[in-house]
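Peer 1: Got a structure for you, questions after.
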Amino acid sequence: MVRALRGHGLRIGPAETVDAAAVADVLGLADREQLRAGLAAALLRSEGQRGVYDATFDLYFPAGVGAPETARDGSAEGDEATPEAVREDLRERLAAALAADDRAAQARLAGEAVAAFGRYGVGSAPGSDGWSAHQTLGRLAPETLLARVLAALRDGPAPDTLADVSDRLLADEIRRRIQGFRAMVGTEARRRVAELRGAERIAERAVAPSADRIDFLAAGRDQLAELRRTVHPLARKLATRLAARRRRAARGEIDLRRTLRRSLSTGGVPLRPAYRLRRPARPEIVLLCDISGSVAGFADFTMLLVQAMSDQFSKVRVFAFVNRTAEVTGLLAKGGGADPAVLARRILTEAKVMGHHGNSDYGSALGEFAEHHLDAVGPRTSVLVLGDARNNHRDPNVPALRLIASRARRVYWLNPEQPSLWGSGDSAALAYAEAVEMHSCRNARRLGELITRLLPV
């Protein structure tokens, strides 16, 4: 299990592994949930790693083996009942379990549902069969039980905690329970497939990555929300690293004359080297962000991250564009705690980032920045350009980017696409890469590494 967790980017050393073995020896295998909590305490370093850990733990310490008892008894795979009758029976019992918030019953129903509707590829080529959570949930459609569960809670004897809850809040609670049941179905499907393929293979391929390893371009709304929750912890970590780099840089280079003079008191051995002290000024940062289409989540996350780190820089200015460029530093400061999607909508509606069409035009945006906002760039300024460089086959206007680079201390382009896609289709990434340094930045972990390594101190 430790090897699988390391494969997902969790830093687990020999000491943590030995501690986990000691925990397992003390707790034993009788209480599965107690063992889960004990191993988590020994192996994990942050709450953000818990999702990957729980999914991996369920593969190596499954709740059962084979089909659930209820499915073997015929309640979910009976020969006499039609598939539609089985489906309605499961939905009826699931609605009751959701209304009662009976998680044990929900777990049993998840096993029955996967056994009844999740099998695929039976009788096909070896190795192509398995169990699908997506197929199971598509047939069972638990989301459509919301109204039925809400009615059951309102018509039945509701608990005191739900007596004065509005329908809207109660509906949100039911959606949370349904989401929990969906996770149970996913866990059960992975368990069944792991019995066929092996836990190591499924842990590598079927366990969702942690939030900081999710590709920006592939992240959904829930994953972007999870990413937003990592902004401030990541900002604190990066700020600490930048401050440490700044302290080291302040020492400067060795002053050879003073070092030799000091060595006279130690017989010519330079035991106490002397350094030329520096007074490095904090750098200025300019962000130039494409907020169109699928790259909007990447740009929004980076804007919020840099804003949270603003005390590490003497000045931060943010410019956004689709095909026109506008400064949005004020909007970002006012809505710095907003959801990235809300922030993107505010920028699109309140800032003039689009002309007569809504398609990306990097050439026009760079030209407008070079023409109207070049005063934001100076010899102490580091410019970060955020975008996939997909220009819809328009003029990339590379000279405008070269002009910006000639005024700035450094210019880096962070591209959320993988390098193998640069230059394909309508991408002008290779043309821009000839003018400035371009780096692939596909997830939050990579973004943190680049900011720590590239930004000056």
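Peer 1: ALA244 passes all but one of (1) open to solvent by 60 Å² or more (accessible area, probe 1.4 Å); (2) without any contact (Cβ under 8 Å) to a residue 12 or more places away in the chain; which number fails?
Peer 2: So ALA244 meets the others, but not (1).
Peer 1: Would you mind stating whether ARG346 is out of contact with any helix residue (DSSP H, G or I) (no Cβ under 9 Å at 6 or more places or on another chain), at pLDDT below 90 and among the charged types (D, E, K, R)? Full working, then the answer.
Peer 2: Working: out of contact with any helix residue (DSSP H, G or I) (no Cβ under 9 Å at 6 or more places or on another chain): no; at pLDDT below 90: yes; among the charged types (D, E, K, R): yes.
In short, no.
Peer 1: Cβ contacts < 6 Å: first residue under 25 Å from ASP222 (Cβ atoms) and assigned to a helix (DSSP H, G or I), restricted to the stretch 318-341; second residue open to solvent by 30 Å² or more (accessible area, probe 1.4 Å) and at pLDDT below 90, any location; separation 6+ or different chain. Result?
Peer 2: Going by the 6 Å Cβ cut-off, the qualifying pairs are LEU331/ARG346; LEU332/GLN307; PRO340/LEU224; PRO340/ARG228.
Peer 1: Can you find, within the stretch 280-331, the residue that is farthest from THR349 (Cα to Cα) among those that are of a type in the set (Lys, Arg) and at pLDDT 85 or above? Give the steps one after another, and end with the answer.
Peer 2: Initially, the stretch 280-331 is screened for residues of a type in the set (Lys, Arg), giving 282, 315, 317, 324.
Subsequent filtering for residues that are at pLDDT 85 or above retains 315, 317, 324.
Details: LYS315: 25, ARG317: 19, ARG324: 13 Å.
So the residue we want is LYS315.
Peer 1: So, one more: For the condition at pLDDT below 85, surrounded by fewer than 15 Cβ atoms within 10 Å (Cβ to Cβ) and of a type outside the set (A, V, I, L, M), what is the one hit in ARG176, ARG236, ARG228?
Peer 2: ARG236
Peer 1: More than 17 Å from ILE202 (Cβ to Cβ), modelled with pLDDT under 75 and of a type in the set (Gly, Ala, Ser): does that describe ALA141?
Peer 2: So ALA141 fails the test.
Peer 1: Also, I was wondering about something else. Which one of these does ALA76 not meet: (1) open to solvent by 60 Å² or more (accessible area, probe 1.4 Å); (2) modelled with pLDDT under 90?
Peer 2: Every listed condition holds for ALA76 apart from (1).
Peer 1: Moving on. Condition first: under 12 Å from PHE57 (Cα atoms), open to solvent by 60 Å² or more (accessible area, probe 1.4 Å) and of a type in the set (Asp, Glu). Can you find one or more residues in the stretch 19-28 that meet it?
Peer 2: Taking every residue of the stretch 19-28 in turn, none turns out to be under 12 Å from PHE57 (Cα atoms), open to solvent by 60 Å² or more (accessible area, probe 1.4 Å) and of a type in the set (Asp, Glu).
Peer 1: Can you tell me which condition LYS352 does not meet? The list is (1) closer than 30 Å to GLN223 by Cα; (2) part of a helix (DSSP H, G or I); (3) of a type in the set (Lys, Arg), and all the others hold.
Peer 2: Every listed condition holds for LYS352 apart from (2).
Peer 1: Just the residues that are over 14 Å from PHE57 (Cβ atoms) and at pLDDT 90 or above, please, taken from the stretch 8-18.
Peer 2: The initial filter retains those residues of the stretch 8-18 that are over 14 Å from PHE57 (Cβ atoms), namely 9, 11, 13-18.
GLY13, PRO14, ALA15, GLU16, THR17, VAL18 - these are the residues of the stretch 8-18 that are over 14 Å from PHE57 (Cβ atoms) and at pLDDT 90 or above.
Peer 1: Report the residue count in the stretch 263-296 for those that are touching a Leu at 6+ places or on another chain (Cβ under 8 Å) and among the charged types (D, E, K, R).
Peer 2: Going through the stretch 263-296 one residue at a time, the tally reaches 1.
Peer 1: Can you confirm whether ALA435 is closer than 24 Å to VAL316 by Cβ, of a type in the set (Gly, Ala, Ser) and in contact with a Leu (Cβ under 6 Å, 6 or more places away or on another chain)?
Peer 2: yes
Peer 1: Taking the stretch 379-421 as the region of interest, how many residues are small (Gly, Ala, Ser), out of contact with any helix residue (DSSP H, G or I) (no Cβ under 7 Å at 6 or more places or on another chain) and open to solvent by less than 40 Å² (accessible area, probe 1.4 Å)?
Peer 2: Final tally of qualifying residues: 3.
Peer 1: Any chance the stretch 410-432 includes a residue that's modelled with pLDDT under 95, more than 22 Å from the chain's Cα centre (by Cα) and acidic (Asp, Glu)?
Peer 2: Yes, the stretch 410-432 has at least one match.
Peer 1: Let me ask something else about it. For a quick check of your reading of the model, give me the residue pairs whose first member lies in the stretch 87-106 and is buried (at least 19 other Cβ atoms within 10 Å of the Cβ), whose second is of a type in the set (S, T, N, Q) and assigned to a helix (DSSP H, G or I), with beta-carbon atoms closer than 8 Å and at least 6 apart or on different chains.
Peer 2: LEU94/GLN106; ALA97/GLN106; LEU98/GLN106
Peer 1: Given the options SER360, SER424, name the one that is of a type in the set (Gly, Ala, Ser), touching a Ser or Thr at 6+ places or on another chain (Cβ under 8 Å), farther than 30 Å from ARG236 by Cα and open to solvent by 10 Å² or more (accessible area, probe 1.4 Å).
Peer 2: Every option except SER360 fails the conditions.
The values are calculated or read from the model by the stated rules, or taken from the named source; none is laboratory data. Only a predicted model underlies this, so the values are computations on that prediction, with no experimental measurement involved. Here Cβ is always computed from backbone atoms with ideal geometry, including for glycine, and neighbour counts include all displayed protein chains. Quick note on the areas: whole protein, heavy atoms, side chains included, nothing else; ligands and nucleic acids left out. Shrake-Rupley method; radii C 1.70, N 1.55, O 1.52, S 1.80 Å.
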